[in-house]
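Below: one structure, written as structure tokens.
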Amino acid sequence: MKESDMIDHRRLGRELELFVSDPLSGAGLPIWLPAGAAARHAVEEYVRDLERRAGYRHVYSPPLGKRELFELSGHLGYFADDMFPPMRLSADDEFVLRPALCPHHALVFRARGRSYRELPLRVAELGGMYRAERSGVLGGLSRVRAISLNDAHNFCALDQVGDEVREILRLIGEAHAALGVRPAGFRLSLRGPGEKYVGDDAQWARAEELLRAALDGVDFTEGRGEAAFYGPKIDIQVVDAAGRESTISTIQLDFDKPERFDLSYVDADGSRKRPVMVHRSLVGSMERLFAYLIEVHAGAFPAWYAPVQLVLLPVDDGQADAAGDLARRAEAAGLRVEVDHAGSLGARIRDAARRKVPYLGVVGSREAADGSVSLRLRDGRGLDPMPVPDALGLIGRVVAARSADLLPGA
Ligand SMILES: [Zn+2]
């Protein structure tokens with residue numbers, strides 16, 4: 001078996017019960033099972049908190065909207081081939097499943113008058129969107145038709161764009177370190193020959209110059225003809241187990257949508273100005289992110305987003321109460337914990353290893369009697385028996401630090 005088959009996220013997703021693709025649900029419409037959902041939930045909470053502390057304001061907006069919204073945004077003009085066909089309720093009422101969140105976030109900006117004092121206004125959402133991918137290209141989580149995107153739109157004055165992009169690059173680096181994402185490269189995607197771009201030459205030149213300046217000190221390649229139809233972008237690439245490259249994180253400048261939605265703010269001198277819209281995703285869609293994370297960790301996620309962090313193994317029935325009590329204390333401490341009673345101790349240890357659970361807690365008669373537990377780590381290391389509060393504290397410190405190692409740092 002090739003290395004790439006062994007760490008294919010589809011095979012691991014099935015074995016670890018992370019997600020399922022059921023033909024009755026439809027190709028490219030996977031269902032996240034409890035283990036996959038637990039890991040994703042931990043990652044979503046982390047990203048939302050990272051953004052909140054960086055000045056982002058989160059919103060909720062619906063995954064479908066009126067046809068007119070996407071005509072105004074330009075998506076139906078430029079992107080219709082990738083969208084599901086509109087749904088007609090009546091002659092003057094047609095809806096489309098959105099292919100992007102930007103139109104709704106433009107409406108957030110213009111929900112009321114805006115002042116220069118509010119900029120940069122950072123509107124964030126982990127929201128649903130849809131792509132009418134052909135069934136031949138769909139597979140597991142890497143290419144899907146229903147996408148949950150970590151998205152934000154940062155509305156800035158033109159002279160704020162450089163600092164804003166640099167700060168986004170910093171946040172991307174922080175998120176990658178916590179998740180274990182190893183970027184394969186940064187790409188500055190520029191306009192190429194062709195007609196499918198909007199905006200004038202001066203805007204494009206200015207936008208490309210701003211992104212190039214923000215990348216000062218970063219190794220990057222340039223991709224001619226790789227830009228979005230509305231502006232140039234920085235894409236951060238990863239390579240999957242089969243060697244295929246894809247984009248996880250992106251920063252895109254847009255002079256076009258503020259124009260289309262007639263967005264404006266009142267500047268310090270009282271004049272009306274057009275903001276620049278920066279589309280950015282720190283970690284991409286949850287689907288593509290997890291396709292990558294499952295493979296890069298071979299299913300053994302860092303403890304902070306492991307679906308089950310601790311499995312307790314009473315050696316025999318005499319320790320069932322002690323193990324149950326320990327499980328309640330671990331749960332109260334915020335850990336995801338299970339007790340496994342079924343079968344021989346050796347079989348249960350092998351099963352937890354197969355499920356890539358980071359911590360095993362063995363409770364024998366001696367541990368039950370003196371209120372201790374023997375921790376075994378996923379990598380095979382075993383620790384001496386320690387008091388239960390010490391064991392929970394050790395795991396809690398590793399989780400809180402979002403460390404890749406299973407023991408706290410010195
Ligand atoms: Zn956008």
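The values are calculated or read from the model by the stated rules, or taken from the named source; none is laboratory data. Quick caveat, the model's predicted, so the values are computed rather than measured. Note: ideal-geometry Cβ built from the backbone for every residue, glycine included; neighbour counts use all protein chains shown. Accessible surface areas use protein heavy atoms only, side chains included; no ligands, DNA or RNA. Shrake-Rupley method; radii C 1.70, N 1.55, O 1.52, S 1.80 Å.
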Exercise. Which residue, of Arg329, Arg376, Arg350, Arg397, is closer than 30 Å to Glu174 by Cβ and open to solvent by 50 Å² or more (accessible area, probe 1.4 Å)?
Worked result: Arg397
Exercise. Is at least one residue of the range 257-271 free of Cβ contacts under 8 Å to residues at least 40 places away in the same chain and assigned to a strand (DSSP E or B)?
Worked result: no
Exercise. Looking at (1) open to solvent by less than 20 Å² (accessible area, probe 1.4 Å); (2) away from the ligand (no atom under 16 Å from the Cβ), which is the one condition that is false for Glu125?
Worked result: (2)
Seminar exercise, completed: Here the residues within the range 30-51 that are open to solvent by 60 Å² or more (accessible area, probe 1.4 Å) and not in a strand (DSSP E or B) are Pro34, His41, Glu45, Arg48
Exercise. Can you tell which of Gly217, Gly223 is away from the ligand (no atom under 16 Å from the Cβ), in a loop (DSSP other than H, G, I, E, B) and of a type outside the set (Asp, Glu)?
Worked result: Gly217
Exercise. Taking the condition modelled with pLDDT of 95 or more and touching an Asp or Glu at 6+ places or on another chain (Cβ under 8 Å), does Leu18 pass?
Worked result: no
Exercise. Does any residue in the range 100-113 that is over 12 Å from Gly127 (Cβ atoms) and in contact (Cβ under 8 Å) with a residue 60 or more places away in the chain come within less than 6 Å, Cβ to Cβ, of a residue that is open to solvent by less than 10 Å² (accessible area, probe 1.4 Å) and more than 13 Å from the ligand (Cβ to nearest atom) six or more places away or on a different chain, and which pairs are these?
Worked result: Phe109/Leu263; Arg110/Leu263
Exercise. Does Arg280 qualify as being within 13 Å of the ligand (Cβ to nearest atom), at pLDDT 95 or above and closer than 19 Å to Glu118 by Cα?
Worked result: yes
Exercise. Which condition does Arg224 not pass, out of (1) surrounded by fewer than 23 Cβ atoms within 10 Å (Cβ to Cβ); (2) touching a helix residue (DSSP H, G or I) at 6+ places or on another chain (Cβ under 7 Å), if it passes all the others?
Worked result: (2)
Exercise. Scanning the range 128-159 for residues that are charged (D, E, K, R) and assigned to a strand (DSSP E or B), which turns out farthest from the ligand (Cβ to nearest atom)?
Worked result: Arg143
Exercise. Across the range 90-119, which residue is farthest from Ser271 (Cα to Cα) among those that are open to solvent by 30 Å² or more (accessible area, probe 1.4 Å) and within 16 Å of the ligand (Cβ to nearest atom)?
Worked result: Leu97
Exercise. Under the condition of being assigned to a loop (DSSP other than H, G, I, E, B) and within 16 Å of the ligand (Cβ to nearest atom), which residue from the range 67-89 is surrounded by the fewest Cβ atoms within 10 Å (Cβ to Cβ)?
Worked result: Phe79
